[in-house]
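Q: Pasting a structure here, questions to come.
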Amino acid sequence: MIPSVLPTYNRAPLSFAKGEGSWLIEDDGRRFLDLGSGIAVNALGHAHPALVAALTEQAGKLWHTSNLYQIPQQQALADKLVAATFADTVFFTNSGTESCELAVKMARKYFHEKGQPERVEIIGFEGSFHGRSSAGIAAAGSEKMTKGFGPLLPGFRHVAWDDPEALKAAITDDTAAILIEPVQGEGGIRPLSDQALRDLRALCDERDILLILDEVQCGMGRTGKLFAHEWAGITPDIMMVAKGIGGGFPLGAVLATEEAASGMTAGTHGSTYGGNPLGCAVGNAVMDHVADPAFLEEVNRKAGLFRQKLEGLVASHPEVFEAVRGSGLMLGVKCKALNADVVKAGYDAEVITVPAADNVIRLLPPLTISEEEITEAVNRLDAAATEIELTVAKQTA
């Protein structure tokens, strides 16, 4: 008999009752150090006082009206995002998946309105992840994402990750946009180099192609800049945002230049819930913290400490771990042992990590994690690695 919750997840045998900062607390009282943050969502940790206050205050006033009316909280958040980024305009969604849908529509509508309706193709990359919608899985293109869901939405091409020549060869007269994550998350914490991003921007300019960046996972302070592309000194035409922007409340956005968004006139897109008063009240509180230069400096400082300690961890367990990769507090450890075994051993050591492709475990702690918690996290990962080594020793004895 099928369970009442559709069984599309192989869920861990954990059921958390409470969260406090960097910690998740089980029903039985066990305290887990959370290096997953709900997959980079809880940017300010669990139950952050400013977010609780913003949510509580707004909940006592007004939750939802729809986008048929002016929403002051939405306007305030849009103004903050425009002031802090390349963007001239923002549309609010409920998720990264919805942001992907609009980004694809926006790029295609742009060329349609320019009198080039044939320009609908979007180039994506091996190992990418852009959500689970029809556009999202078509943009990613992997068999894991697409098998059994055909016919797929047409108009997508795919090239190898970080292969400039293959990318150039894939561009045709029908190409509208290139869609890429500055740091792949699900793909195994693979950062694109600053130079590669600069070359990508130059290529788009040369060929009159829109550049769409998916910063759903790597944005909102995760890499030590408000958005990851800032390290390269470039700007996109369209950018997808979600996860950390709501700090745990379902919220996403598409940011765009005035030119790229020029085709999106009244009636071309909409959302019932997107940008409602409750979500944007929380988003404003998140933005006030994460966009602060002093906050981002702390993220960078703690990221350096965490990476240094992880390098030592890898060196101490060469049969379990292979290498550290990533940017800021979006870190990955490539494993020699099965990453699923490392994640499971972490549960036993009461530390939460997230698996990814290429046999990597993702470490995506709250951006508010303390130095002491970083030390404790590495100690618990050390205990998990030791458990794996002992298990292997027993099996081979």
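The values are calculated or read from the model by the stated rules, or taken from the named source; none is laboratory data. In this text the structure is predicted, and so the values were computed from the model without any measurement. Using ideal geometry, Cβ is built from the backbone for each residue, glycine included, and neighbour counts are taken over all protein chains shown. Quick note on the areas: whole protein, heavy atoms, side chains included, nothing else; ligands and nucleic acids left out. Shrake-Rupley method; radii C 1.70, N 1.55, O 1.52, S 1.80 Å.
Q: Under a Cβ-only charge scheme (Lys and Arg +1, Asp and Glu -1), can you give me the dipole magnitude of the chain about the Cα centre, in debye to the nearest 20? Working shown, then result.
A: Values: 34 positive and 51 negative charges, 126 e Å.
That gives the chain a dipole magnitude of about 600 debye.
Q: Show me the trypsin sites (Lys or Arg not before Pro) within segment 85-119 that DSSP assigns to loop and that have at most 14 other Cβ atoms within 10 Å of their Cβ.
A: Taking segment 85-119 and a limit of 14 other Cβ atoms within 10 Å, the loop trypsin sites (Lys or Arg not before Pro) found are K114.
Q: Before I look further, what does segment 1-154 give for accessible area per residue, probe 1.4 Å, in whole square angstrom?
A: Per-residue value: 55 Å².
Q: Using Cα extents along the principal axes in Å as the read-out, say which of [x] 80, 60, 48; [y] 70, 50, 40; [z] 70, 54, 52 was calculated from these coordinates.
A: Answer by label: [z].
Q: Another question about this same structure. Which loop trypsin sites (Lys or Arg not before Pro) in segment 18-59, with loop taken from DSSP, have no more than 14 other Cβ atoms within 10 angstrom of their Cβ?
A: Of the trypsin sites (Lys or Arg not before Pro), the ones in loops of segment 18-59 whose Cβ has at most 14 other Cβ atoms within 10 Å are R30.
Q: On to the next question. Stretched out fully, how many nm does the piece from A202 to E258 gain, at 0.36 nm a residue minus the Cα gap?
A: Taking 0.36 nm per residue and subtracting the Cα distance, the gain is 18.2 nm.
Q: Determine the share of the chain's accessible area contributed by carbon and sulfur atoms, expressed in whole percent, with a 1.4 angstrom probe.
A: 54 percent
Q: Can you tell which of G131, G115, G346 shows the greatest fluctuation in a Gaussian network model of the chain with Cα springs below 10 Å?
A: G115
Q: Pull up the DSSP beta bridges for the chain and report the antiparallel fraction as a percent, rounded to 5.
A: 65 percent
Q: Determine which lysines satisfy two conditions relative to K243: a Cα distance under 23 Å, and not lying fewer than 8 residues away in the same chain.
A: K18, K80, K105, K144, K225, K302
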